[in-house]
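Take a look at the structure below.
The values are calculated or read from the model by the stated rules, or taken from the named source; none is laboratory data. Predicted, not measured: the structure shown is a model, and the values here were computed from it. Glycine also receives a Cβ, built like all others from the backbone with ideal geometry; neighbour counts cover every protein chain displayed. Accessible surface areas use protein heavy atoms only, side chains included; no ligands, DNA or RNA. Shrake-Rupley method; radii C 1.70, N 1.55, O 1.52, S 1.80 Å.
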Amino acid sequence: MHFNILTIFPEMFPGTLGGGVVGRALERGIWSYDVINIRDFAYNNYGSVDDEQFGGGKGMVMRPDVLGAALDSIEKRGRVIYFSPRGPRLEQSIVRDFAAAPDATYTLLCGRYEGIDQRIIEEYDIMELSIGDYILSGGEIAAQVFVDSTVRLIDNVVGGGTDATANESFEIGGLEWPLYTRPSAWRGRNVPEVLLSGHHGNIERWRKQQSDEITKERRPDLIKEK
Ligand code: SAH
């Protein structure tokens, strides 16, 4: 999988993507990325990429001529995605779709300031994606969320195979059950007996029941979606 990342902060990459299982997958060549510095396509010698909003109002907007030149410099763009609070929210089911093509190329546009000129979205048939109902100061963190959540679903990225990624919250039709490890007794708190029993049927039933309860309590919306 390949990602072209357009940003005015190239030093922010690979950032968190350089660590853990996703970082190892980068070293192993399972995924790769190019960072395109939007400032290289600035319209003046000061490196400016933004301008005042037509219609007035506070805050600057990234210019379409600059972003267009940056996008045109990419040989193979694939699907172009702009991270924006206005897009549909990224969810595990959407992530799965992106991960389903391990040879895909995605071009990720990280906004700054108030955002980008609307015409660039239309001209390049850009897909908008939000990572949640809050405002970030830029799209770089959103891009890292996108790459991390997508790459970890590619085969052999997470240890334990597809079992490990299939047995997680949202994949199991709800939230995960409580997790425990050693020591079995800690500060007077004991690990539930059933988990020490070695009885796989009972363990599975307990986990399912815990998962159902927690989901019902915390995220009833996930149950309705089932
Ligand atoms: N004026 C915009 C917010 C701009 S925030 C609005 O009101 O909708 C600046 C940049 O941060 C955006 O261009 C976008 O790329 C990124 N960003 C902010 N919040 C985000 C979110 N929830 N999901 C994805 N990207 C986000």
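Worth a mention:
- Residues whose amide H comes within less than 5 Å of that of ILE36, counting only those at least five positions distant or on another chain, are ILE5, LEU6, THR7 (H built at 1.01 Å from N in the peptide plane).
- Shape call, the stretch 22-92: gyration tensor on alpha carbons, a/c limit 1.5: oblate
- Residues with amide H under 5 Å from that of SER130, placed H, sequence gap 5 or more: SER84, GLY87, ARG89, LEU90
- Remark: spin-label model distance MET60-LEU179 equals 4.2 nm, labels positioned 7 Å along the Cα→Cβ axis.
- For the chain, the number of Lys pairs separated by eight or more positions or lying on different chains, with C-alpha atoms closer than 22 Å, is 5.
- With the whole protein complex present, VAL35 retains an accessible surface near 50 Å², based on a 1.4 Å probe.
- Here GLU128 sits with roughly 40 square angstrom of accessible surface, probe radius 1.4 Å.
- Average accessible area per residue (Å²) across the stretch 2-151 - probe 1.4 Å, nucleic acids and ligands excluded: 52 Å²
- Averaging over all projection directions, the Cα-based convex hull of the stretch 2-151 occupies 9.1 nm² in the image plane.
- The H on the amide N of ILE116, modeled in the peptide plane, is under 5 Å from the matching H of MET62, each at least 5 residues off or on a different chain.
- The length gained on full extension between ILE172 and ILE214, counted as 0.36 nm times the residue separation minus their Cα-Cα distance, comes to 13.9 nm.
- Net lengthening on full extension, SER93/GLN118 (0.36 nm per residue, minus Cα-Cα): 6.3 nm
- ILE141 accessible area, 1.4 Å probe, all protein chains in place, Å² to nearest 10: 110 Å²
- Full-extension gain in nm, ARG28 to TYR46, via 0.36 nm per residue minus C-alpha separation: 2.6 nm
- Using C-alpha pairs below 8 Å separated by at least 6 residues, the relative contact order for the stretch 2-151 is 29 percent.
- For MET60, neighbours were defined as the other residues whose beta-carbon sits under 13 Å from its Cβ, and their charges (Lys and Arg +1, Asp and Glu -1) total -2.
- J(HN,Hα) series, the stretch 152-163, from Karplus relation 6.51 cos²θ - 1.76 cosθ + 1.60, nearest Hz, glycine and proline x: 5, 8, 5, 3, 6, 8, 8, x, x, x, 5, 4
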